[in-house]
Amino acid sequence: MNHYKLLTPGPLTTTRTVKEEMLFDRCTWDQDYKQITQKIRAKLLELAFATEQEYTTVLMQGSGTFAVESVMTTAISAKDKVLIVTNGAYGERIVKMAQYIGLNYLEYRVDYYQYPNEDELRKILDKDSQITHIVMVHCETTTGILNPLDLIAKISKEYGKTLIIDAMSSFGGMEINVSALGIDYLISSANKCIQGVPGFGFVIAKIDKLSACKGNSHSLSLDLYEQWKEMGKDGKWRYTSPTHVVAAFSKAIDELVEEGGISARFARYQNNNRLLRERLEKIGFHTYISSEQQSPIISTFLFPNEQFSFADFYSYVKEKGYVIYPGKLTERDTFRIGNIGEIYEEDIQELCTIIEEYMGVVAK
């Protein structure tokens with residue numbers, strides 16, 4: 001099997017030492033393993049600038065989508081109404097969740113290349129007093145746009161709404177002060193910026209909000225409240241947990257700290273992203289969104305011309321050691337390149353050289 005580096009928004013390239021943690025089998029009932037769970041919960045609060053007096057961390061088996069759905073089915077009751085802010089496919093997936101669960105919801109949609117508009121949001125909230133919750137994806141990896149978290153948090157606080165933030169692809173890669181922003185539920189996953197492997201998501205939740213959610217969930221396995229109550233006893237998960245993934249994530253947190261914390265990781269990701277966009281721009285690859293809106297997580301590039309074949313391009317790049325991502329847009333031909341994971345400046349420089357070589361070959 002050929003080894004290659006993943007330039008995706010997760011799963012991503014992990015370190016050898018993170019992978020090695022998965023070589024050992026662990027028992028879910030063992031005290032040592034439960035201590036790993038409790039360590040992770042405490043460290044995630046620290047990374048979120050949250051105290052254990054105000055917030056708690058709940059780990060949830062499955063992909064990040066499972067964790068998002070656990071919040072949607074637990075935090076929003078039949079008496080509530082949720083405003084879902086969307087400008088990408090992952091926000092639209094939350095709308096689909098609301099439909100499946102049977103929630104009372106309103107979608108506020110803007111174009112994929114646009115930010116939500118403050119005046120429009122205020123008009124919606126002024127008009128509809130039934131709205132109790134607001135949900136938004138922070139980094140929409142459909143395009144790489146970084147949505148205005150400060151704005152949404154300010155409006156949510158001003159109108160007294162419960163704020164749910166899908167920070168799947170941003171938490172750990174950029175500083176988010178959950179307490180200062182007043183976020184009630186922040187959701188992310190093991191295989192994103194903390195650089196673990198897929199297998200569970202996590203929710204950083206305000207205790208007073210979560211403690212009021214008993215009986216809301218329409219799902220047994222995704223009941224975030226019951227997961228929290230069980231996990232809070234001694235670190236035991238309700239149902240079989242992904243033990244190998246949990247141990248790897250614990251190691252990934254250690255390595256984040258060793259790198260210099262979130263600020264250092266953000267600087268590396270941002271440098272990766274800047275170099276990538278600057279070099280590809282010179283050979284005709286333009287980004288879908290503006291540089292002002294760009295996250296350091298992933299970039300969406302437009303096809304350079306009508307003759308461009310993504311399948312051929314993808315295969316060429318993969319043969320040289322890198323795997324990129326297809327586009328998610330329907331109205332434009334695009335592809336995406338991620339900047340997160342165990343990826344450094346030399347990797348981005350090498351990738352850009354490979355792409356330059358490819359464009360030189362196909363142009364002949």
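Values computed for the structure shown
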{"quantity": "Residue within the stretch 231-240 that is within 26 Å of residue 21 (Cα to Cα) and among the hydroxyl-bearing types (Ser, Thr, Tyr) present", "calculated": "yes"}
{"quantity": "Verdict on residue 233 being in a helix (DSSP H, G or I), among the charged types (D, E, K, R) and touching a residue at least 12 places away in the same chain (Cβ under 8 Å)", "calculated": "no"}
{"quantity": "Positions within the stretch 310-362 being free of Cβ contacts under 8 Å to residues at least 60 places away in the same chain, open to solvent by less than 50 Å² (accessible area, probe 1.4 Å) and in contact with a strand residue (DSSP E or B) (Cβ under 9 Å, 6 or more places away or on another chain), in sequence order", "calculated": "310, 313, 317, 327, 334, 335, 354"}
{"quantity": "Members of the stretch 69-115 that are among the hydroxyl-bearing types (Ser, Thr, Tyr) and free of Cβ contacts under 8 Å to residues at least 60 places away in the same chain", "calculated": "86, 100, 105, 108"}
{"quantity": "Some residue of the stretch 64-83 being farther than 19 Å from residue 184 by Cα and either basic (Lys, Arg) or touching a Phe, Trp or Tyr at 6+ places or on another chain (Cβ under 8 Å) (or both)", "calculated": "no"}
{"quantity": "Options 279, 268: the member that is closer than 25 Å to residue 169 by Cβ, modelled with pLDDT of 95 or more and within 20 Å of the chain's Cα centre (by Cα)", "calculated": "268"}
{"quantity": "Verdict on residue 201 being in contact with a helix residue (DSSP H, G or I) (Cβ under 7 Å, 6 or more places away or on another chain), under 30 Å from residue 342 (Cβ atoms) and at pLDDT 95 or above", "calculated": "yes"}
{"quantity": "Among (1) open to solvent by less than 20 Å² (accessible area, probe 1.4 Å); (2) closer than 18 Å to residue 229 by Cβ - the single one residue 7 does not satisfy", "calculated": "(2)"}
{"quantity": "Unique match (being surrounded by 19 or more Cβ atoms within 10 Å (Cβ to Cβ) and over 20 Å from the mean Cα position of the chain (by Cα)) among 225, 239", "calculated": "225"}
{"quantity": "Residue check for residue 99: open to solvent by 30 Å² or more (accessible area, probe 1.4 Å), over 24 Å from residue 177 (Cβ atoms) and either in contact with a His (Cβ under 8 Å, 6 or more places away or on another chain) or assigned to a helix (DSSP H, G or I) (or both)", "calculated": "yes"}
{"quantity": "Count - residues of the stretch 242-256 that are touching a residue at least 60 places away in the same chain (Cβ under 8 Å) and either open to solvent by 10 Å² or more (accessible area, probe 1.4 Å) or not hydrophobic (A, V, I, L, M, F, W, C) (or both)", "calculated": "7"}
{"quantity": "Residue check, residue 206 of a type in the set (Lys, Arg) and either touching a Pro at 6+ places or on another chain (Cβ under 8 Å) or crowded, with 19+ Cβ neighbours inside 10 Å (or both)", "calculated": "yes"}
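Let's see how each residue does on (1) open to solvent by less than 20 Å² (accessible area, probe 1.4 Å); (2) closer than 19 Å to residue 203 by Cα; (3) of a type in the set (A, V, I, L, M, F, W, C); (4) in contact with a helix residue (DSSP H, G or I) (Cβ under 7 Å, 6 or more places away or on another chain):
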position	(1), (2), (3), (4)
136	yes, yes, yes, yes
140	yes, yes, no, yes
146	no, no, yes, no
151	no, no, yes, yes
155	yes, no, yes, yes
160	no, no, no, no
163	yes, yes, yes, yes
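One line per residue, one yes/no per condition, for (1) open to solvent by less than 30 Å² (accessible area, probe 1.4 Å); (2) in contact with a Cys (Cβ under 8 Å, 6 or more places away or on another chain); (3) under 30 Å from residue 182 (Cβ atoms):
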residue	(1), (2), (3)
20	no, no, no
27	no, no, no
30	no, no, no
43	no, no, yes
53	no, no, yes
57	yes, no, yes
79	no, no, yes
87	yes, no, yes
90	no, no, yes
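The values are calculated or read from the model by the stated rules, or taken from the named source; none is laboratory data. These numbers were taken from a predicted model, which means no experiment stands behind them. Note that each Cβ is placed from the backbone with ideal geometry, even for glycine, and that neighbours are counted across all protein chains shown. Ligands, DNA and RNA are stripped out before the accessible areas are found, and what is left, the full protein with its side chains, is counted by its heavy atoms. Shrake-Rupley method; radii C 1.70, N 1.55, O 1.52, S 1.80 Å.
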